[in-house]
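Input: a single structure, listed below in structure tokens.
Just so it is clear, none of the values below were taken in a lab; they were calculated from the coordinates. Keep in mind that what you see is a predicted model, and the values were worked out from it rather than measured. Cβ coordinates were reconstructed from backbone atoms using ideal geometry, including for glycine residues, and neighbour counts include every protein chain displayed.
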Amino acid sequence: MTALSEDMFAIFDQPEFSFKKIKENQSPEEVAELKEKFKAVWQVWKKVNQTVASQLPPDQFAKVHVESWTNGWNLRNHYWASYRLASLADYNPCIGVMLDKNQLQVYLMFQHYKSEQRQGTVDEYNQLLDRVPEWADNIDATHWYLWDKNEMEFSDHLLLTKYLNNHDIQQQFNSEARKTSFLLGKFAFRGKDQVDDMEEYISSVIRQLTPLYEELK
């Protein structure tokens, strides 16, 4: 059981993530210390996601992918992991889990990055929007949000409850999201929502998203 701590958010309160720029402004010792901080939080992050993966039905999900804490040139400004259904392991849609300076979020998404190397089209994925109202009948929709791919990471997303309760908002969102792709997930905000058990939080949201995700089979 791992609590989500202020320290985990705080490492992303960086003015700069490029190693080149960081090295210009900090001593080798400071750079080494910064790397250690990022690495330490990432080790916790990696272990949390490996634990979550071990608790999910093994025949249902493929091996979790935990993105590295650096891409070689930069420190990451967020940590990310992806979960794919075993039957859709080489398809673009997945469940993403992300930690950045503002929030922990678990969400269903279409992975556009390198999408030509995987299967599944955006149009097929966006058809899931028609299933969202029915799917939402089985969850508590508070803390859930919808947004489209073009929305910035830190913008205010549309509350799922608002989407469900207003037909006009629903239509408007769907038509915009279909131009790119939609994302749907649950958020825990820094300084506002306490998460005492990250493993439980992440795995419960994955389980809630799975019936919608499985519609793609």
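Worth a mention:
- Value of relative contact order over the chain, rounded to a whole percent, pairs C-alpha under 8 Å and six or more apart: 25
- Of all lysines in the structure, those lying under 17 Å Cα to Cα from Lys162, and not within fewer than 8 positions of it along the same chain, are Lys186.
- Above-threshold pairs, the threshold being 29 Å between Cα atoms, out of Lys114/Lys192; Lys114/Lys217; Lys47/Lys114; Lys37/Lys217: Lys114/Lys192; Lys37/Lys217
- Note: segment 109-183, Cα convex hull, 98 Å³ per residue.
- Reach of Lys179 by Cα under 13 Å, taken over aspartates and glutamates that are not fewer than 8 positions away in the same chain: Asp123, Glu124, Asp148, Glu151
- If R0 equals 35 Å, the separation of the Cβ atoms of Lys39 and Lys192 corresponds to a calculated FRET efficiency of about 0.80.
- Residue-by-residue Karplus 3J(HN,Hα) for segment 132-142, coefficients 6.51, -1.76, 1.60, Hz, glycine and proline x: 4, x, 5, 4, 5, 4, 9, 10, 8, 7, 5
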